[in-house]
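**Q** Got a structure for you, questions after.
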Amino acid sequence: MTRFNAFNLFAKALGGHKSWPEQWPDARPKPFYDAIIVGGGGHGLGAAYYLAKKYGIRNVAVIEKGWLGGGNTGRNTTIIRSNYLYDESAHLYDHAVKLWDGLSQELNYNTMYSKRGVMMLAHNVHDVQSFKRHIHANRLNGVDNEWLTPEEAKAYCPPLSIDPGARYPVLGAALQRRGGTARHDTVAWGYARAAAALGVDIIQNCAVTGIRRGPSGAIEGVETERGFIAAPKVGVSAAGNSSVIMQMAGLQFPLESYPLQALVSEPIKPVFPCVVMSNTVHAYMSQSDKGELVIGAGTDQYVSYSQRGALHIIEHTVAAICEIFPIFRRMRMLRSWGGVVDVTPDRSPILGKTPVPGLYVNCGWGTGGFKATPGAADLLAYTIARDEPHPINAPFNLDRFRNGRLIDEAAAAAVAH
Ligand code: FAD
Ligand code: PYC
């Protein structure tokens with residue numbers, strides 16, 4: 001912020017009221033930053049941190065249209081796990097889970113990462129077969145995941161009803177013990193503070209309104225609500241809004257944006273020891289360190305950019321929670337909210353280079369990118385610094401929608417689509 005304002009003041013002092021690009025319309029813009037990251041969520045702030053920390057690229061700005069962590073980073077239910085089916089996904093998400101492990105120490109900021117276990121309930125024969133397939137695939141990739149009987153599931157999570165007379169009885173569960181939760185805002189703030197300490201500029205309340213490309217087509221910088229900022233490299237990490245920003249560069253992206261909702265109950269004493277997800281009954285729950293039951297819903301059925309969702313979706317979720325955990329039937333809701341997630345056709349992210357030289361993208365995490373925060377940030381920084389993807393994110397390129405090498409994790413986010 002400070003440097004940005006100081007720069008404009010300097011430009012104005014030189015040339016009167018006109019800003020720099022207007023002042024010398026024929027001059028190629030001189031890069032003011034080595035790289036710009038669009039989006040001040042956990043992914044964008046983390047990418048700026050790793051650019052500075054791992055690659056010595058400190059002349060970086062993060063440009064955020066609202067406030068830090070005010071997007072999906074601050075709106076999600078914080079489930080962390082890596083029990084995805086395909087090899088590419090298991091490598092990607094497990095890279096992130098491993099980074100979560102040392103993140104509090106790395107940032108000197110308590111992310112409150114808690115490995116309390118993520119248990120996915122199987123309610124029918126299809127669920128049982130699918131989860132067992134996941135367990136075997138995960139184990140082959142060195143990712144822990146194990147099968148529990150209904151009784152073992154109840155022992156792991158006592159509030160769970162395993163009544164065989166239930167509409168969707170629990171037939172068993174897949175448990176990833178290394179899975180768990182973290183506190184969402186700590187991740188944004190931890191990365192922001194650590195990045196700023198390394199020299200990164202963080203500019204809030206400043207929406208990117210355009211992407212400027214030069215005569216060769218390469219990136220020259222971004223237009224913002226407060227003027228043009230020049231940089232030869234721009235990384236876009238603006239969940240929910242990515243396709244709009246890509247259009248600014250003349251690119252069409254295979255993304256749809258949907259509202260996704262969550263709610264918390266009034267706070268109660270610790271009663272819920274793990275994370276439970278039910279894809280079939282469409283609900284998932286954990287308990288926050290403040291004592292609230294954290295409950296997530298499925299995506300809305302219609303695309304929208306509004307950060308709120310339809311009432312019937314959240315009612316359906318609450319009904320499902322009451323069915324799976326009857327002891328919570330008398331709990332009261334404290335607050336509910338929504339975010340906007342961007343979803344690709346194969347429900348896997350796009351993380352890599354774009355056809356525009358100097359433009360990089362990290363998007364399409366849909367309902368499941370919080371768990372990926374440190375991994376996505378690390379890999380985006382790698383890709384920007386080296387102008388090539390890391391082997392882990394190489395399969396998650398844009399070209400897969402042209403050549404058909406999809407990574408179809410359709411059911412893996414464990415929420416209703
Ligand atoms: P964000 O935190 O959304 O950051 C992107 C930023 O870009 C925003 O701050 C936004 O303001 C900014 N921006 C947008 N347009 C512009 C512009 N033009 N100029 C400048 N800035 C701009 N994932 C999980 O792994 N586990 C979960 O349990 C989980 N639960 C979820 C529950 C809900 C209700 C929601 C909504 C999401 C959930 N997710 C979950 C998904 C997860 O929250 C996201 O994938 C992840 O947080 C994305 O992080 P990010 O940093 O990329 O995006
Ligand atoms: O990715 O685990 C997940 C998730 C749960 C709820 C929303 N996303």
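The values are calculated or read from the model by the stated rules, or taken from the named source; none is laboratory data. The structure presented is a predicted model; accordingly, all values stated were derived computationally and were not measured. With ideal geometry, Cβ positions are generated from the backbone for all residues, glycine too; neighbour counts draw on all protein chains shown. Note: accessible area is taken over every heavy atom of the protein model, side chains too, but ligands, DNA and RNA are not part of it. Shrake-Rupley method; radii C 1.70, N 1.55, O 1.52, S 1.80 Å.
**Q** Filter region 227-236 down to the residues that are within 13 Å of F32 (Cα to Cα) and β-branched (V, I, T), then identify the one that is farthest from ligand 2 (Cβ to nearest atom).
**A** I229
**Q** Do we have any residue at all in region 395-409 that's among the aliphatic types (A, V, I, L, M), at pLDDT below 95 and open to solvent by 50 Å² or more (accessible area, probe 1.4 Å)?
**A** no
**Q** Another one. Looking only at region 117-140, count every residue that is on the phi < 0 side of the Ramachandran plot and open to solvent by less than 40 Å² (accessible area, probe 1.4 Å) and tell me the total.
**A** Final tally of qualifying residues: 14.
**Q** Additional query: What number of residues within region 262-283 satisfy the criterion of being modelled with pLDDT under 95, open to solvent by 10 Å² or more (accessible area, probe 1.4 Å) and on the phi < 0 side of the Ramachandran plot?
**A** 2
**Q** Can you name every residue in region 289-305 that is in contact (Cβ under 8 Å) with a residue 60 or more places away in the chain and either among the acidic types (D, E) or within 17 Å of M331 (Cβ to Cβ) (or both)?
**A** Those that are in contact (Cβ under 8 Å) with a residue 60 or more places away in the chain and either among the acidic types (D, E) or within 17 Å of M331 (Cβ to Cβ) (or both): D289, V294, I295, G296, A297.
**Q** Check region 155-169 and report whether any residue there is modelled with pLDDT of 95 or more, touching an Asp or Glu at 6+ places or on another chain (Cβ under 8 Å) and not small (G, A, S).
**A** yes
**Q** Identify all residues within region 150-204 that are in a strand (DSSP E or B) and within 24 Å of A381 (Cβ to Cβ); write none if there are none.
**A** Result: D201, I202, I203.
**Q** Give me the residue from region 343-362 that is within 16 Å of ligand 2 (Cβ to nearest atom) and among the polar types (S, T, N, Q) and, out of that set, surrounded by the most Cβ atoms within 10 Å (Cβ to Cβ).
**A** S348
**Q** Please pick out the residue among N76, N72, N59 that is in contact with a strand residue (DSSP E or B) (Cβ under 9 Å, 6 or more places away or on another chain) and away from ligand 1 (no atom under 13 Å from the Cβ).
**A** N59
**Q** For region 50-89, which positions are farther than 20 Å from G210 by Cα, away from ligand 2 (no atom under 16 Å from the Cβ) and touching a Gly at 6+ places or on another chain (Cβ under 9 Å)?
**A** Within region 50-89, L51, A52, R58, N59, L68, G69, G70 meet the criteria.
**Q** Could you give every pair whose Cβ atoms fall below 8 Å, whose first residue belongs to region 149-161 and is under 19 Å from P270 (Cβ atoms), and whose second residue is assigned to a helix (DSSP H, G or I), counting only separations of at least 6 or pairs across chains?
**A** Taking only residues 6 or more apart or on different chains, the pairs are P159/I327; P159/F328; L160/A153; L160/K154; L160/I324.
**Q** If you don't mind, another one. I'm trying to understand the selection: among the residues of region 363-414, which are within 16 Å of ligand 2 (Cβ to nearest atom), of a type in the set (S, T, Y) and closer than 17 Å to H91 by Cα?
**A** Of everything in region 363-414, just one residue is within 16 Å of ligand 2 (Cβ to nearest atom), of a type in the set (S, T, Y) and closer than 17 Å to H91 by Cα, namely T373.
**Q** Report yes if some residue within region 181-203 is crowded, with 16+ Cβ neighbours inside 10 Å and more than 17 Å from G40 (Cα to Cα); otherwise report no.
**A** Checked against the condition, which is being crowded, with 16+ Cβ neighbours inside 10 Å and more than 17 Å from G40 (Cα to Cα), region 181-203 yields at least one hit.
**Q** If A239 satisfies every condition in (1) assigned to a loop (DSSP other than H, G, I, E, B); (2) touching a Pro at 6+ places or on another chain (Cβ under 9 Å); (3) within 16 Å of ligand 2 (Cβ to nearest atom); (4) modelled with pLDDT of 95 or more but one, which is the exception?
**A** With respect to (1) assigned to a loop (DSSP other than H, G, I, E, B); (2) touching a Pro at 6+ places or on another chain (Cβ under 9 Å); (3) within 16 Å of ligand 2 (Cβ to nearest atom); (4) modelled with pLDDT of 95 or more, A239 is out only on (2).
**Q** So is G358 under 24 Å from K98 (Cα atoms) and either more than 15 Å from ligand 1 (Cβ to nearest atom) or out of contact with any Lys or Arg (no Cβ under 6 Å at 6 or more places or on another chain) (or both) or not?
**A** So G358 does not fit the description; no.
**Q** Take R133 and decide whether it is without any contact (Cβ under 8 Å) to a residue 40 or more places away in the chain, in a helix (DSSP H, G or I) and of a type in the set (D, E, K, R).
**A** No.
**Q** Related question: Filter region 204-255 down to residues that are open to solvent by 20 Å² or more (accessible area, probe 1.4 Å) and on the phi > 0 side of the Ramachandran plot and give me whichever is nearest to ligand 1 (Cβ to nearest atom).
**A** Filtering region 204-255 for residues that are open to solvent by 20 Å² or more (accessible area, probe 1.4 Å) and on the phi > 0 side of the Ramachandran plot, the one nearest to ligand 1 (Cβ to nearest atom) comes out as N205.
**Q** Of the numbered conditions (1) within 15 Å of ligand 1 (Cβ to nearest atom); (2) surrounded by 13 or more Cβ atoms within 10 Å (Cβ to Cβ), R335 fails exactly one; give the number of that condition.
**A** So the condition that R335 fails would be (2).
**Q** Could I ask something else about it? Can you name the condition, by its number, that G102 falls short on among (1) away from ligand 1 (no atom under 11 Å from the Cβ); (2) touching a residue at least 40 places away in the same chain (Cβ under 8 Å)?
**A** Condition (2) is where G102 drops out.
**Q** May I pose another question? Among (1) among the charged types (D, E, K, R); (2) open to solvent by 30 Å² or more (accessible area, probe 1.4 Å); (3) within 13 Å of ligand 2 (Cβ to nearest atom), which single condition is K98 missing?
**A** For K98, the failing item is (3).
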